[in-house]
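Note sheet for the following structure.
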Amino acid sequence: MFYYKKIFSSSNYISLLIALIVVIFVSLYFYFIKFDSNITGFFRIGSILPLSPFLNPENTLIYQGEIGYDGQQFLSLAFDPFLQNHETVNSLDHPIYRYRRILYPLVSYVLAFGNPRLIPYFMVGINALSILIIVAITNLYFKSDNVSKFQSLFTLCIPGVWMVLSLGTADLFSSVFLIASFYCYRYEQYRLTALFISLGCLTRETLLIVWFALFLTSLIQKRFKQITYLLYGLIPPILWTVYITFLDLPGKVRVKDNFGFPFLGIINKFITILTSGINGRNLFEAYMFIVLLLSFAAILVIYLKHRKLNLLMQIGNGFYSVMFIFSSMTIMGYYLDYSRVFMDVYFLLLLSINLTKIPYKTILFSASGIGSLAFLILHS
């Protein structure tokens, strides 16, 4: 059984303490310095879309001339997860798409007892706590391996972690369920594996990729009992999707074309990098994009050396690679987008077990850590 006491055992204490100090420091840095003590700054609210009816424009940090970011959409839903105010739908850029990702705003609403003043704080708190939970579960994941337990602190090097914290999106919350499902799968906790990935799909529907990875790995490893529970785990996301179809929400066609011809987005990205000249922003784009590409490659290399230990990670990497190959410049165009959308690739690398003398993970996470520092210092 998944015992909470294990999370706070002595083997995890130092890692958790370090992570706690870093998370508190960065959160306060964002709140007091980046956002001038305005909690709405965490949600990158733009001036183009209608504001949530539960927000006061005078007390809201609004980025003029911007359409805003996904955090704005999650915040609007957290204020009104049951869509009781018709203006809530008007404040969403793509209601039927946004409403699929219900768990993060719903949990925030419940924890805050529906209090609009408290909801933004709970949303930020959930993301901050998610980082700590990921560190804790990662420690548990490696409990049976002869590897450093401090590998879990590589979580703090992932640029997407801090991007998500600063933008108020659901990706960290969904990654908790990814990490938890992989931990439970490894230690044959079949019901919990299915439960966590089911909750992950209700948080962010792209975690269906992870569900397929778990399903295919179970099939290859002949864990038929796990397959049965995984199929049961699909029921809640399917029922929620069916329910949404009866609401007749606008936006049945995706506004942005996130995917296109294979490799076209990657090729266009390199062309853009090569033709944009030598400047700080372009160099940072190139750096972040190359680190992500190397992360995909590192998972494959580690798998080739330790196939049995890393089968699940490589299958997941394969599915994310296909998604990456078909991604258009809508995703590839800006480091905030591809670093966040493919953040779970870093977590697959984190969970990959590397027993070779070449420290692939240490090298790559050190490189990504430099990117994280640059983001924290320079992004505004």
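Write out, first by first residue and then by second, each pair whose Cβ atoms fall under 7 Å of each other, whose residues are 6+ apart or on separate chains, and whose first residue, in segment 222-238, is in a helix (DSSP H, G or I) while the second is of a type in the set (A, V, I, L, M) and open to solvent by 50 Å² or more (accessible area, probe 1.4 Å).
227/219; 233/195
Does residue 291 fit the bill of being farther than 14 Å from residue 368 by Cβ, open to solvent by less than 80 Å² (accessible area, probe 1.4 Å), part of a helix (DSSP H, G or I) and β-branched (Val, Ile, Thr)? Give the derivation first.
On the way: farther than 14 Å from residue 368 by Cβ: no; open to solvent by less than 80 Å² (accessible area, probe 1.4 Å): yes; part of a helix (DSSP H, G or I): yes; β-branched (Val, Ile, Thr): yes.
When the stated conditions are applied, residue 291 does not pass them.
Quick check on this structure: which one of 72, 64 is touching a Ser or Thr at 6+ places or on another chain (Cβ under 6 Å) and either farther than 22 Å from residue 239 by Cβ or of a type in the set (Phe, Trp, Tyr) (or both)?
On inspection, the qualifying residue turns out to be 64.
When only residues in segment 206-229 that are among the aliphatic types (A, V, I, L, M) and within 27 Å of residue 259 (Cα to Cα) count, which is nearest to the chain's Cα centre (by Cα)?
207
Can you find even one residue in segment 60-83 that is open to solvent by less than 10 Å² (accessible area, probe 1.4 Å), not in a helix (DSSP H, G or I) and not acidic (Asp, Glu)?
yes
What number of residues within segment 127-184 satisfy the criterion of being open to solvent by 10 Å² or more (accessible area, probe 1.4 Å) and not in a helix (DSSP H, G or I)?
Count: 6.
The values are calculated or read from the model by the stated rules, or taken from the named source; none is laboratory data. Note that this is a predicted model, so its numbers are computed, not measured. In this analysis, Cβ positions are derived from the backbone assuming ideal geometry, glycine residues included, and neighbour counts consider all displayed protein chains. Note: areas computed on protein heavy atoms with side chains; ligands, DNA, RNA excluded. Shrake-Rupley method; radii C 1.70, N 1.55, O 1.52, S 1.80 Å.
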